[in-house]
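What follows is a single structure, written as structure tokens, with notes after it.
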């Protein structure tokens, strides 16, 4: 265990150093995994020791190259991920269900980011104003011909919509970090001998029927509050609709896994359908609507029961 702990401490050091390389996105995505591993495998005192030494090593390496400030930034980023990592680690130690681990990690990450935004506001940093400035400066990098084709009022509308979608970005980011950490961290812990529960097979995934009512209520309200900047309800709908559509799309993919199992198809068939469909959705926006309806019908009607009988 000592060798494994030292190895994962070293992995944490490497990932934090990679934050200042072209592999920054990979490093950011994986940085929680070593922390979760160490927390589950070690007692409290040894975890603190390994974690502190890893951060000191990062600072020491960067200081050797005269960039101690970068080491401090890397340590701050790791500390930002510490609370959601510990939450997931605690749930792993309690042998909680995978869904509970993902929910706990997502909520902890989201709560921490909200607290961070509140602190920024208290210190005089207005996030929405910074977002407006960032988008406008990004527009300046576009070719002059393309900028002339974009009316000023259209740019303002796009910026306002992006700002209103901030809750969606935060939720999506929180869920992303939790899913990646659970997916890879669980594999590492299982190889180390930890019996970590996994998600149920995809063919058994089923959203609560209440999601159908959430979608219908949101749909009705969207016809009433048609102006995107009109009210708080409109802003909530702007964020809720994509989340519901994503949930129903995942449900549709689960339905394909169920059909493949019921018909005796190869497991690669639903996987290929999910991958190809996801890629097509990036270029054909209306395709996601179809998968949303399929997922909704899968929950609302006894389609699976009839398939089993047939």
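Things to note:
- The order of 35, 127, going from fewest to most other C-beta atoms within 10 Å of their C-beta, is 127, 35.
- Across 290, 154, 16, mean-square fluctuation computed from a Gaussian network of the chain (C-alpha pairs under 10 Å connected) peaks at 154.
- GNM flexibility winner over the chain from 114, 280, 91 (Cα, springs under 10 Å): 280
- Residue-averaged 222 nm ellipticity for the chain, from DSSP H runs of 4+ at -39500 (n - 2.57), nearest 500: -26500 deg cm²/dmol
- Residues 126, 50, 182, 153, sorted so that the one with the fewest Cβ neighbours within 10 Å comes first: 153, 126, 50, 182
- Going through [x] 22.8, 70; [y] 18.2, 63; [z] 25.8, 85, the figure that equals Rg and Dmax of the Cα atoms in Å as computed for the structure here is [x].
- Listed residues 158, 101, 283, most fluctuating in the chain (Gaussian network, C-alpha, under 10 Å): 283
- Reported to the nearest whole Å, the Cα centre-to-centre distance from the range 246-287 to the range 85-129 is 30.
The numbers here are math on the coordinates, done by the rules we state, and not lab data. Since the model is a prediction, treat every value here as computed from it, not as a measurement. With ideal geometry, Cβ positions are generated from the backbone for all residues, glycine too; neighbour counts draw on all protein chains shown.
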